[in-house]
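A short write-up of the structure that comes next.
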Amino acid sequence: MSSITRVAEKIIIPTPFAVGDVNTYLLKGDALTLVDAGIKTQEAKEALERQLKELGYRLSDIEQVILTHHHSDHCGLIDVFQEAPLYGHEDNQRYLKREPAFTKEQKDYFTSMAKQFGVPPQLMKYANDVESLYTYSGSKSLTHFLKEGDWIPGHPGWRAMETFGHSQGHLSFYHEE
């Protein structure tokens, strides 16, 4: 077993979506770090608590949280970690803060797309309901930004890679070992 396997523990979090479970990771090092936080449901929180306990930790032991991206199945429980710094790509901030200008931008985008795709007028209300997209998302703001090549604080050797596509601010993490 490599030393990396000993410091990166997979935690499986259930979601209410057809996509199924999502993986988060606990990194042991100079800072106990949770990479992604699962979705905002009671079942997900209980699964996270149970698996942390099996590893000898509690939610309050998490010293920092790092987001790979802003989707609800990855950022839902970030509000549980109010005292822990939250790291992620700067593009994720607007999805977490959800300020009025951003909400309007999203409504305009989804309405325009719905019209282009021929969505019937009686269903257009769903294109405008962007708030419901965040039902399962946390809203804690990022406290620090990570970008291509940055090290994960407290974890020498772990680097951030910008892997845009799945989301605009998607990060993956790489360790040469």
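The values are calculated or read from the model by the stated rules, or taken from the named source; none is laboratory data. All values derive from a computational prediction rather than experimental measurement. Every residue, glycine among them, receives a Cβ derived from its backbone with ideal geometry; neighbour counts consider all protein chains shown. Note: accessible area is taken over every heavy atom of the protein model, side chains too, but ligands, DNA and RNA are not part of it. Shrake-Rupley method; radii C 1.70, N 1.55, O 1.52, S 1.80 Å.
Among the numbered conditions (1) touching a Lys or Arg at 6+ places or on another chain (Cβ under 8 Å); (2) open to solvent by 80 Å² or more (accessible area, probe 1.4 Å), tell me where Leu52 comes up short.
Here Leu52 meets the rest and fails (2).
Could you check Val80 against (1) free of Cβ contacts under 8 Å to residues at least 40 places away in the same chain; (2) hydrophobic (A, V, I, L, M, F, W, C); (3) open to solvent by 40 Å² or more (accessible area, probe 1.4 Å) and say which number it fails?
Only one criterion in (1) free of Cβ contacts under 8 Å to residues at least 40 places away in the same chain; (2) hydrophobic (A, V, I, L, M, F, W, C); (3) open to solvent by 40 Å² or more (accessible area, probe 1.4 Å) is unmet by Val80, namely (1).
Do you know which residues across region 109-126 are over 26 Å from Glu162 (Cα atoms) and either open to solvent by less than 80 Å² (accessible area, probe 1.4 Å) or of a type in the set (A, V, I, L, M, F, W, C) (or both)?
Thr111, Ser112, Met113, Ala114, Phe117, Gly118, Val119, Pro120, Leu123, Met124
Which residues, taken from region 123-168, are touching a Phe, Trp or Tyr at 6+ places or on another chain (Cβ under 8 Å), in a loop (DSSP other than H, G, I, E, B) and in contact (Cβ under 8 Å) with a residue 60 or more places away in the chain?
Scanning region 123-168 gives Ser137, Lys140, Leu142, Leu146, Pro153.
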